[in-house]
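Novice: Supplied in structure tokens, the structure appears directly below.
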């Protein structure tokens, strides 16, 4: 074989291999940057335990998922953030789709793959169930109750509703796409807008969005045995981050049970692992049965989400 051709092949192989090789930290960094679509600069205090342990400053960069995608597309390996922390699986899926996230070693992922992306490049930090608040009396509530009766308020964005819709799609199955669509159309029809005056007292929201005045809420289900729909607040490491080791330490720290419970309390989420009544935070011990549509299982259905949303209009 021609030596020039052989050298060319070796160069290409090395180049491809380098795409999956993280940058090595030459010295202990002083700052790690987290891009997040639901946290502000002041929220860096939420990660004070990690900062103290690692002797590092955590800086939050408030950016939408679209802004993160645009920034990474422009700057690639010179991106200014090391970690991405997003409030929806849909947002993290879109970031993952452009190849912005580095594969996470098995040693730094949850043992339960339901909370690990299909491509192993992000994991779930906390669970954010869809809940109902404002009921006049606390009673069993099924998501099916959203499809009839008085119209009700929904304060969730399209992205925040994405995991709700994929749960419906999984519930009815691929062969019953039209049934899923009909059910979701009923939900859309019952959603109040600014012109509606007669609406129900309750609203659909997510655990993370509860205010101090919304202390009474219920975890609905589709028949008790099926459990509550939920989304994941997910975290990943930017490909070729110069703080790769520090970012791995971040994942390792917050996948430890006690640390995960604590950060989830600060973010008003449920911990990834069922606490079985040993959490120091009472609301976490009221752990609901969860529907089987985990963040990992929702990913394949997110590809059909635009088609669903177009049909709902």
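The values are calculated or read from the model by the stated rules, or taken from the named source; none is laboratory data. This is a predicted model, so every value here is computed, not measured. For neighbour counting, all protein chains shown are included, and Cβ atoms are generated from backbone atoms with ideal geometry for every residue, glycine included.
Novice: On the basis of being in a helix (DSSP H, G or I) and either assigned by TED's automatic domain parsing to the domain that holds residue 177 or over 13 Å from residue 127 (Cα atoms) (or both), does residue 299 make the cut?
Specialist: yes
Novice: Ok, one more. Yes or no: the range 239-256 includes at least one residue that is over 27 Å from residue 69 (Cα atoms), in a strand (DSSP E or B) and modelled with pLDDT of 95 or more.
Specialist: Scanning the range 239-256, I find no residue that is over 27 Å from residue 69 (Cα atoms), in a strand (DSSP E or B) and modelled with pLDDT of 95 or more, so the answer is no.
Novice: Then there's this: Considering the range 71-104 alone, what residues qualify as being over 19 Å from the mean Cα position of the chain (by Cα) and surrounded by fewer than 17 Cβ atoms within 10 Å (Cβ to Cβ)?
Specialist: 73, 74, 75, 76, 77, 78, 80
Novice: Would you point out the residue of the range 14-39, among those that are more than 18 Å from residue 241 (Cβ to Cβ) and exposed (fewer than 10 other Cβ atoms within 10 Å of the Cβ), that is modelled with the lowest pLDDT?
Specialist: Top of the filtered list is 15.
Novice: What single numbered condition from (1) in contact (Cβ under 8 Å) with a residue 40 or more places away in the chain; (2) exposed (fewer than 15 other Cβ atoms within 10 Å of the Cβ) fails to hold for residue 67?
Specialist: (1)
Novice: Can you work out which of the residues in the range 105-134 that are more than 14 Å from the chain's Cα centre (by Cα) and assigned to a strand (DSSP E or B) is nearest to residue 263 (Cα to Cα)?
Specialist: Per the stated criteria, the residue is 131.
Novice: Can we say residue 155 is modelled with pLDDT under 90 and closer than 13 Å to residue 206 by Cα?
Specialist: Here the answer is yes, as residue 155 does meet what is asked.
Novice: Does residue 74 count as over 26 Å from residue 291 (Cβ atoms) and either out of contact with any helix residue (DSSP H, G or I) (no Cβ under 6 Å at 6 or more places or on another chain) or in a helix (DSSP H, G or I) (or both)?
Specialist: Yes; evaluated as a whole, the condition is true for this residue.
Novice: Run residue 155 past the list (1) under 23 Å from residue 290 (Cα atoms); (2) outside the structural domain of residue 253 (by TED's automatic domain parsing); (3) in contact (Cβ under 8 Å) with a residue 60 or more places away in the chain; (4) surrounded by fewer than 16 Cβ atoms within 10 Å (Cβ to Cβ) and report the number of the one that doesn't hold.
Specialist: Evaluating residue 155 over (1) under 23 Å from residue 290 (Cα atoms); (2) outside the structural domain of residue 253 (by TED's automatic domain parsing); (3) in contact (Cβ under 8 Å) with a residue 60 or more places away in the chain; (4) surrounded by fewer than 16 Cβ atoms within 10 Å (Cβ to Cβ) leaves (3) as the failure.
Novice: Which numbered condition in (1) within 26 Å of residue 37 (Cα to Cα); (2) touching a residue at least 12 places away in the same chain (Cβ under 8 Å); (3) assigned by TED's automatic domain parsing to the domain that holds residue 137 is the only one that residue 215 fails?
Specialist: (2)
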